[in-house]
Amino acid sequence: MENCIHPTAIIEDGVQLGSGVTIGAYAYIGTDVTLGDGCIIRHHATVEGYVIMGRENQVFPYALIGGKTHDLKFKGGRPGLRIGDNNEFREYVTVHPATDDGAFTCIGNDNHLLAYSHIAHDCILGDHIVMSGQNALAGHVTVSDHAIIAWGCGIHQFCRVGQHAMVGGMSRNVKDIPPYMITEGVPAEVRAVNKVGLERNGFPQEAILRIGRLHRILYRDGLNRSQALDKIRDTPDLANSSEGRIILEFYATTQRGVA
């Protein structure tokens, strides 16, 4: 399939293009960029720096994908940004490469990053994530599959967002956000199970009920954190379930604490 490149677009020497790539008017593609098959870079969008982009991604007007990290520790070299397939970067989205030479910011597949979203250096995003408008991930944030980050959120550096979690709008998130839960507030606290999100993603009712029991033990039974985790470990049907194992592993590996 032939590429479709507007005559006003600037494509620097060294760019590697797959087949069926579309580049709109006044777009800029820097010399160290690779675009996979079927990518669409719309008018006035910029992709620059060391960027490796997979197939069928769309970059909307005025987005900046790549470019130099904001991190003041940047010492030069060739840090990069690696992007999977079928992602949408909407208007004014900014995504930065890593800070250290040879390191990468990584974005998976099938993600939707809405207007004015910002992903800082060294973040790692999984698949099927939705970031609503005007929110920001600080450096080294990890977001797991199927997470939803609502409008106007800030997430502190080195925090993690667990799989199938929902981060409530305009919340300030300074700790890890556990899988399957909804957080809200300033600072953010766990409020409920993300029941609607779990149902939409095909979780069976028995799994949702188990997650509800995990939530109750962790947040509603008046136990401290150690007591709650011990109770989960001592409840075989919870501890041996995939949901229980994921929760226990998440708490065991936290560095910033859990909301």
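Some observations on this one:
- Percent of Cα pairs exceeding the 21 Å cut-off, where the set is region 67-154: 22 percent
- Cα centroid of region 96-145 to Cα centroid of region 188-259, whole Å: 25 Å
- Of all DSSP beta bridges in the chain, antiparallel share, percent nearest 5: 5 percent
- Against the rule of thumb 2.2 N^0.38 Å, how large the Cα Rg of region 4-140 comes out: 0.95
- Placing +1 on the Cβ of every Lys and Arg and -1 on the Cβ of every Asp and Glu, with no other charges, gives region 199-252 a dipole of roughly 140 debye about its Cα centre.
- What the Cα convex hull of region 199-252 gives, in volume per residue, is 77 Å³.
- From the C-alpha gyration tensor of the chain, square roots of 5λ in Å: 38, 18, 15
- The slack between Tyr26 and Ala207, meaning 0.36 nm per residue of separation minus the straight C-alpha distance, is 60.2 nm.
- Extension gain (nm, one decimal) between Glu199 and Leu72, 0.36 nm per residue minus Cα-Cα: 41.5 nm
- Over all other residues within a Cβ to Cβ distance under 12 Å of Glu189, the charged ones net out to +2, with Lys and Arg as +1 and Asp and Glu as -1.
- Under 15 Å, Cβ to Cβ, from Gly169 - net charge with Lys/Arg +1 and Asp/Glu -1: 0
- Largest first, the extents of the alpha carbon coordinates of region 115-251 on the three principal axes equal 44, 31, 24 Å.
Read the figures in this text as sums done on the coordinates, not as results from a lab. Every value quoted in this text rests on a predicted model; they were computed, and no experiment measured them. Counting neighbours? That spans all protein chains shown, and the Cβs are built from the backbone with ideal geometry, glycine included.
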